[in-house]
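A single structure is presented below for examination.
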Amino acid sequence: MIAVKDAAKAPDGSWNMKPVRILAVLGSLGAKSSNLDLLNNAVTLSSPTMQVTLFNELGSLPFFDPDIAWNEAPPSVLALREAIANSDALLIACPEYGHSLPGLLKNAVDWLIGSGELECKIVAITASVPHAERGRQGLAALGQTLAAVRSQLVRDEPIVRGPGAQEALLDVLAKLCAQVGTARTNVD
C-alpha cells in the first residue's frame, strides 16, 4: 500500500490532496472471471488518495453503429462515456480471445473512438493469467486499438495469478497514480 500512497505525491514531493480516480473496466462477461477478481481486488485497495471504481457494464452496450450521432448514443453508451470522462485514469483487465481482445471490449472502444473520452487518457491494460506468457497478444491488440486515440499506456503486461499478483497490482495502481500526478502538475 505504501507504493500507491507515495505515487500520489507530485514530482516536487508535495501531496496532491485530490484523490486519483481510477475506473476499473472489465473487458469480459464472465461472472467468475479472474479479471473480475483482479479488478475487485483493486477496488479494495482504494484509499483517501486513490478511488478505484468498478465498471462491469460493457455487456449492456448495443453493437456499435456508426450511423448513430455521437450525441444521440444509447443510455448505456452515455453512462460509459460519463464514467470515463469522470475518471483520471483507466485500469482495463480483459482475457485474450483468439490472440486478440474480446469483441465486447472492442465494441466499447468503437463507441468511444469518436466522442473523445479516451483521447490521451491515462490507461493501464492487463490480464489475469495462469502463466506469464499468456494474454500478451490480446493486450498487444488492445494497445494498438488504444493508440488510435493516443491513450497514454503506463502498463500493458499480464498479471500472473498467485504469489506476486498483489504486488503487481499495487505496482500498476502506483504507475497510474504517478502518471496522473505528473499530468496534474503539468496542467497547474
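Return the whole-Å distance between the Cα centroid of region 92-135 and the Cα centroid of region 41-59.
17
Hey, got a sec? Which trypsin sites (Lys or Arg not before Pro) in region 14-97 land in a DSSP loop and have at most 12 other Cβ atoms within 10 Å?
Values: sites: Arg21, Lys32, Arg81; in loops: Lys32.
Those that pass, being in a loop and sparsely packed, are Lys32.
Take a quick pass over the chain and tell me how many lysine pairs come in under 28 angstrom between Cα atoms, counting only ones 8 or more apart or on separate chains.
Within the chain, the lysine pair count is 13.
Just to be sure I understand the curve: with the Debye formula and one point per C-alpha of region 131-188, what is log10 I(q)/I(0) at q = 0.20 Å⁻¹?
Reported log10 I(q)/I(0), two decimals: -0.87.
Here is a further query. Could you work out the mean projected area of the convex hull around the alpha carbons of region 21-104, in square nanometres to one decimal? Please list the in-between numbers first.
Working: hull surface 25.1 nm².
Averaging across all directions leaves 6.3 nm² for the Cα convex hull.
Please compute one quarter of the surface area of the Cα convex hull for the chain and express it in square nanometres. Write down the numbers at each step before the final one.
Numbers: hull surface 42.3 nm².
If you wrap the Cα atoms of the chain in a convex hull and average its projections, you get 10.6 nm².
For each of Ile113, Ile125, count neighbouring Cβ atoms within 10 Å of the residue's Cβ, then give the residues from fewest to most.
Working: Ile113 17, Ile125 29.
Ranked by crowding around the Cβ, least crowded first: Ile113, Ile125.
Averaging sequence separations of C-alpha pairs under 8 Å and six or more residues apart, then dividing by the length of the chain, give the relative contact order as a whole percent.
On the way: 336 pairs, mean separation 50.1, N = 188.
After rounding, I find 27 percent.
Could I ask something else about it? Sorted from largest to smallest, which semi-axis lengths in Å does the alpha carbon gyration tensor of region 89-135 give for its equivalent ellipsoid, taking the root of 5 times each eigenvalue?
Equivalent ellipsoid semi-axes, largest first: 23, 13, 6 Å.
Every number here is computed from the coordinates shown, using simple stated rules; none is lab data. Please read these numbers as outputs of a predicted model, since none were measured by experiment. Cβ: placed from backbone, ideal geometry, glycine included. Neighbour counts: every protein chain shown.
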